[in-house]
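See below for the structure under consideration.
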Amino acid sequence: MMDSIYPWFNDAWIAIHGNEKLPHALIFRGKEGIGKYNFAIKFAKSYLCQKPLSNYLPCESCSSCKWFPDSHPDFKLVAPIENEDDEPSKRKTVRKKNILINQIRELSEYLELSAHQEKGRRVVLIEPADSLNQAASNALLKILEEPPENTLFILVTSQAQKLIATIRSRCQLLDLRSPSLDEARSFLVDQKIAYEDSLLSYTGGSPFNAIKELENQTEREIITQLLSQGHNIDITKVNYSMLTQGLDWTLNMIQKWIFDLLLSFHAQQNYYFKNEEKRIHSLAKQINLDALLLYTNELNELKKIASHPVNQELQLQNIFIKYKQIFETL
Ligand SMILES: [Zn+2]
């Protein structure tokens, strides 16, 4: 957890503490991978702290701070429950994970029970709130319609539009801004993260996604190498080793590559692969635009089924065979 507030959240930190009377429910909204969850945790901790510091940071020494978060009786985190992956292979399959109605029922019971214990503050943190399924959303709405006393609900999301409107209307929105490129870069340098520039451009400027992507560096290099061969790709080189992160991840990477190809085609600067600009630029000259647009649609379609773990290798080969076809043969 962070010791201080990330610089890009400083204003939000001050704003939220300057709030004379907090509403009973807040939505923390901001782009993915900028540290919203850590911010929310920090805020919950300081909100529950018995002697917060003058900059509103938690004291770290009161009993509340010591209990927080795992053994704090007045703090409840509601998040999707991770299922053990039953795939025998090591490959990751990305499954959509939801917050289920049972979890909200449990929350409701918790709120009823602990309300009798004391009159102190309580915090319920829901993250990511956009993973509430329909039934869970409706159940949560019921709680928010008659909120228990002294309880603050914090919903964290990068996709507020996915929350049902009736929940949104009961919460006050706090926008959390993204770090500037400089802020993100110096954050990564402080964390001693290598490749900070290429990782940041690859993740669209998100420092926490950049940290996650670091472990995929080798894979990204292999795939980049392959993609940069354009029409001359040797399909027999396409294999399992490109699927250790799951087809979803690989597809996402190819989509970013195609996005940059298209930018280059229109004489614009690369967005995701700044280090490969030269290579992409020369590839862009060989593009058949119709074929490329068709390919973009096909990738979108494939994305919808990419989390099903059937025939991933076959699908990947197919993707590369079609990729070859977006280039004019000279
Ligand atoms: Zn404290």
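The values are calculated or read from the model by the stated rules, or taken from the named source; none is laboratory data. All values reported here derive from a predicted model rather than from experimental measurement. Backbone-built Cβ (ideal geometry, glycine too); neighbour counts: all protein chains shown. Accessible surface is based on the protein model in full, side chains and every heavy atom, while ligands, DNA and RNA are left aside. Shrake-Rupley method; radii C 1.70, N 1.55, O 1.52, S 1.80 Å.
Among the residues of the range 297-317, just one is farther than 19 Å from K256 by Cα, of a type in the set (S, T, N, Q) and in contact with a helix residue (DSSP H, G or I) (Cβ under 7 Å, 6 or more places away or on another chain), namely Q312. Remark: F28 falls outside the filter, which requires a residue to be buried (at least 18 other Cβ atoms within 10 Å of the Cβ) and within 16 Å of the ligand (Cβ to nearest atom).
Could you tell me whether the range 138-155 includes any residue that is part of a strand (DSSP E or B) and either in contact with a helix residue (DSSP H, G or I) (Cβ under 6 Å, 6 or more places away or on another chain) or surrounded by fewer than 17 Cβ atoms within 10 Å (Cβ to Cβ) (or both)? Break it down into steps so the answer makes sense when it comes.
At the first step, the residues of the range 138-155 found to be part of a strand (DSSP E or B) are 151-155.
Okay, now just the ones that are also either in contact with a helix residue (DSSP H, G or I) (Cβ under 6 Å, 6 or more places away or on another chain) or surrounded by fewer than 17 Cβ atoms within 10 Å (Cβ to Cβ) (or both), so 154-155.
Yes, there is a match, as at least one residue in the range 138-155 is part of a strand (DSSP E or B) and either in contact with a helix residue (DSSP H, G or I) (Cβ under 6 Å, 6 or more places away or on another chain) or surrounded by fewer than 17 Cβ atoms within 10 Å (Cβ to Cβ) (or both).
Looking only at residues in the range 263-319 that are among the basic types (K, R) and in a helix (DSSP H, G or I), which one is farthest from G230 (Cα to Cα)? Please lay out each step first, then the result.
Step one: filter the range 263-319 for residues among the basic types (K, R), giving 274, 278-279, 285, 303-304.
Retained after the next criterion (residues that are in a helix (DSSP H, G or I)): 274, 278-279, 303-304.
On the way: K274: 18, K278: 13, R279: 10, K303: 21, K304: 25 Å.
Among those that are among the basic types (K, R) and in a helix (DSSP H, G or I), it is K304.
Could you identify the single residue in S54, S61 that is open to solvent by 10 Å² or more (accessible area, probe 1.4 Å), within 16 Å of the ligand (Cβ to nearest atom), modelled with pLDDT of 95 or more and part of a loop (DSSP other than H, G, I, E, B)?
On the way: S54 fails: modelled with pLDDT of 95 or more.
Only one candidate passes the filter, namely S61.
Summed over the range 297-321, the residues that are among the charged types (D, E, K, R), open to solvent by 70 Å² or more (accessible area, probe 1.4 Å) and either touching a strand residue (DSSP E or B) at 6+ places or on another chain (Cβ under 6 Å) or closer than 15 Å to T236 by Cα (or both) give a count of 0. Is it the case that I41 is of a type in the set (V, I, T), surrounded by 15 or more Cβ atoms within 10 Å (Cβ to Cβ), modelled with pLDDT of 95 or more and more than 16 Å from the ligand (Cβ to nearest atom)? No, not satisfied.
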